[in-house]
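Just below is one structure, and these are the notes that go with it.
The values are calculated or read from the model by the stated rules, or taken from the named source; none is laboratory data. Being a predicted model, the structure only gives us computed values, none of them experimental. Methodologically, a virtual Cβ is constructed for each residue, glycine included, from the backbone with ideal geometry; neighbour enumeration extends over all protein chains shown.
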Amino acid sequence: MYYSNITTLKLKPNLYKMEKKILLALEKIFSKVFEKKIKLNKNVSSSNIEGWDSLANLNILMAIEKEFDIQFNLSEIENLKNIGGMMELMKIKINEKTRNRR
Amino acid sequence: MNKIKIAFFANIAYQLLEKDLIRFFKEHNITLEIFKTNFNNIVSDGLKINHNLKKFNPDFIVVFDNIHYKDTSILLCSNNNKINILENLSLVVKNEYKSKLIIANHFQNQFRPSGNLNTNINLKVKKFNNLLKKLSNTLNFFVLDIDFISNIHGLKYFLNSRNNYAYTFPFSLEAIEIISKEIFLIIFSELINKKKLIILDLDNTLWPGVIGEDVENFSLSYDNPANRAFIDFQEYLLELKNNGIMLAISSKNNPTIISKIFKIKNFKFKKSDFVSINLSFNRKDLEIKKIIKKINIHPKDVVFIDDSDFERDIVSATFPDMHIPDLGRNPENFIQILDEYCYFYSNFRTAEDKSKTEMILANSKRKNLKNNFINYHDYLKSLKMEIKVYELNDSNFHRCLQLINKTSQFNFNKYTMTERELLDYKSKNRFVYCAELIDKYGSNGIISCLYGDFTSNNLSIKNWVMSCRVFKRDVEYNFLFFILKKLVTSNKSKISIQYKENQYNTILKDLKKHLQLKYLSNSKYFINLNVLFEYNYFKIKTKLI
């Protein structure tokens, strides 16, 4: 218990940094896919952005996979239709990757 | 041509290919316009006429079939149905959309449920890909060889099942660029001027080392890895030769030594594989000038391969239009480097292409024969020539298109045509005729093509082209006279031809003089049939087949 608390504490500032980094990267990817400047927050979903259809989704997904060197499974794709869900999943994936590297 | 229009009939998310496709064309200053189609049931939707697509006027239609969609895949139809569908598809594309058809074949299945036993689906894929290859020649469509490119890059790298299940796109992110490049190459190779001749150096190009330094011990045995790489390169060149690319040698070597090489084991060439063998210690650019003159070819249609920087530089300075790739010093990379230039990428092979080297060599025999005659008329007579005239049909269509688009010297206005434009000439009041020349050395193949339109009082020749191989044999007068006699029904008919002089078609000046062509307007020249009647040319037996 003591040990895990320390880990959480240690991670907190990193977590904030990571979220910011992910959000910035997503804004870059979205702006590229939709060919216009796009500002994102956790509440944005496919209904808020015009043209966010399945094709755009695949483009976004593949760009994220390339940028962060992670892979999404078929069952996870459902969560990728809003930014909040997308960021949560990405955090898990990035952490998994970092742990495996250690 | 600065704009290309394409459409997809696909049950994959082809839209993912768009960005890369547009980029590849843009790199060559071509704008690509892609017609928006929905996810397609190729079997049913592909055969229905889409009027919007017809209006869009596509140059190419790409068919992409995904076996994952079992009810919409061509591959999973019965065998007879497959052929029917492909036949109908090619007819619809050709006649309704006046477009060229590209059909993607299938990649192999990644999985082997029964280990080494061939799985049912893999056998189906192999059979279908073979069928597609076979039908592509008779139905005149291009095969987008997904099987080949997926094998080169590896199926694991190329495919992504998640994308397939979730987004109807069976390929990985990395495959997108590769597939787009392949589609681009098929289309681009139809637009560009393809290379016709490779002039090769010998030492360190066709074999390792310098043969002149140790003739007695020279060998091309398979024990030596470098030999094997050079032999593979020889085989690659031979394959090009069999596909209609001419080969010639220009080397600073002794003819006696080189004649020995043709007897050496594992040297893949015969002397007759080369249209010209120039062995001399003269300057290379001067020797190459001789070859070009002999074959009657423009330097822009020639690729020169030599390991020496010095030789490449001097040839490049004399012939800035010639393509002179640096294949480097490592023979294991020669094929890959040359292949990537796509100089010889070709979708169709005409009968004339296959026997080009033989035809050129027969031409040399004709020239030798000519030297034995003092009187040119006697020489022409001895050739026992005959001209067969054909209307445009399926078997000569591609050769005619090739002649119209590739001929640069005997070409009245250098108007290049798409397949669709030529097809349009099959209609009423329009004509396309081509001529095959046969002589005692064999057939020269289809060597001339002439097309235009006519009404009761007017006959207008839009363009007329002839292969430079048969110049100065009076074929042109016989062919023109034959066609005009056939088409002109009244003495009052006005006959005209579109003629635009350019730096390449200077050879037509004599013809213009002999036929006394008179300028009308807008590059149109008037042909006086009486002048042709009276002109004293060598008469050749000519008939319509």
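Quick notes on this structure:
- The set of residues in region B:215-234 being out of contact with any helix residue (DSSP H, G or I) (no Cβ under 6 Å at 6 or more places or on another chain) and within 21 Å of B:Asn278 (Cα to Cα) consists of B:Gln234 alone.
Here is a yes/no grid of residues against (1) under 29 Å from the mean Cα position of the chain (by Cα); (2) under 17 Å from B:Leu144 (Cα atoms); (3) in a loop (DSSP other than H, G, I, E, B); (4) at pLDDT 85 or above:
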position: B:Val62; (1), (2), (3), (4): yes, yes, no, yes
position: B:His68; (1), (2), (3), (4): no, no, yes, no
position: B:Asn88; (1), (2), (3), (4): yes, no, no, yes
position: B:Val93; (1), (2), (3), (4): yes, yes, no, yes
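- Meets criteria (at pLDDT 80 or above, surrounded by 15 or more Cβ atoms within 10 Å (Cβ to Cβ), of a type in the set (A, V, I, L, M) and more than 25 Å from B:Lys367 (Cβ to Cβ)) for B:Ile545: no
- Residue in region B:372-379 that is farther than 18 Å from B:Ile199 by Cα and surrounded by 15 or more Cβ atoms within 10 Å (Cβ to Cβ) present: yes
- Residues (touching a strand residue (DSSP E or B) at 6+ places or on another chain (Cβ under 6 Å) and either exposed (fewer than 15 other Cβ atoms within 10 Å of the Cβ) or not in a helix (DSSP H, G or I) (or both)) located in region B:285-311: B:Ile297, B:Val302, B:Val303, B:Phe304, B:Ile305
- Failed criterion for B:Pro320 (all others in (1) under 30 Å from B:Asp439 (Cβ atoms); (2) outside any helix (DSSP H, G or I); (3) at pLDDT 75 or above hold): (1)
- Within region B:174-227, the residues that satisfy the criterion of being surrounded by 15 or more Cβ atoms within 10 Å (Cβ to Cβ) and among the aromatic types (Phe, Trp, Tyr) are B:Phe184, B:Phe188, B:Trp207, B:Phe218.
- Pairs meeting the criteria (first residue in region B:1-23 and farther than 20 Å from B:His106 by Cβ and within 13 Å of chain A (Cβ to nearest Cβ), second residue outside any strand (DSSP E or B) and modelled with pLDDT under 90, beta carbons under 7 Å, at least 6 apart or on different chains) are B:Gln15/A:Leu55.
- The lone criterion from (1) outside any helix (DSSP H, G or I); (2) modelled with pLDDT under 90 left unmet by B:Asp326 is number (2).
- Number of residues in region B:395-420 that are modelled with pLDDT of 85 or more and farther than 13 Å from B:Cys434 by Cβ equals 4.
- Within region A:45-59, one or more residues are over 10 Å from the mean Cα position of the chain (by Cα), more than 11 Å from chain B (Cβ to nearest Cβ) and more than 28 Å from B:Phe171 (Cβ to Cβ).
- Residues satisfying the stated conditions in region B:136-191, i.e. among the polar types (S, T, N, Q) and either within 21 Å of A:Leu55 (Cα to Cα) or modelled with pLDDT under 90 (or both): B:Ser136, B:Asn137, B:Thr138, B:Asn140, B:Asn160, B:Ser161, B:Asn163, B:Asn164, B:Thr168, B:Ser172, B:Ser180, B:Ser189
- B:Phe526 touching a residue at least 24 places away in the same chain (Cβ under 8 Å) and buried (at least 16 other Cβ atoms within 10 Å of the Cβ): no
- Residue within region B:485-507 that is modelled with pLDDT under 85, of a type in the set (Gly, Ala, Ser), loosely packed, with under 11 Cβ neighbours inside 10 Å and within 15 Å of B:Asn413 (Cα to Cα) present: no
- Close pairs (8 angstrom Cβ cut-off, 6 or more residues apart or separate chains): within 14 Å of chain A (Cβ to nearest Cβ) and free of Cβ contacts under 8 Å to residues at least 24 places away in the same chain in region B:169-189, acidic (Asp, Glu) and surrounded by fewer than 22 Cβ atoms within 10 Å (Cβ to Cβ) anywhere: B:Leu173/A:Glu65
- Taken together, the residues in region A:67-79 that are facing chain B (nearest Cβ under 10 Å), assigned to a helix (DSSP H, G or I) and either among the hydrophobic types (A, V, I, L, M, F, W, C) or in contact with a Gly (Cβ under 8 Å, 6 or more places away or on another chain) (or both) amount to 2.
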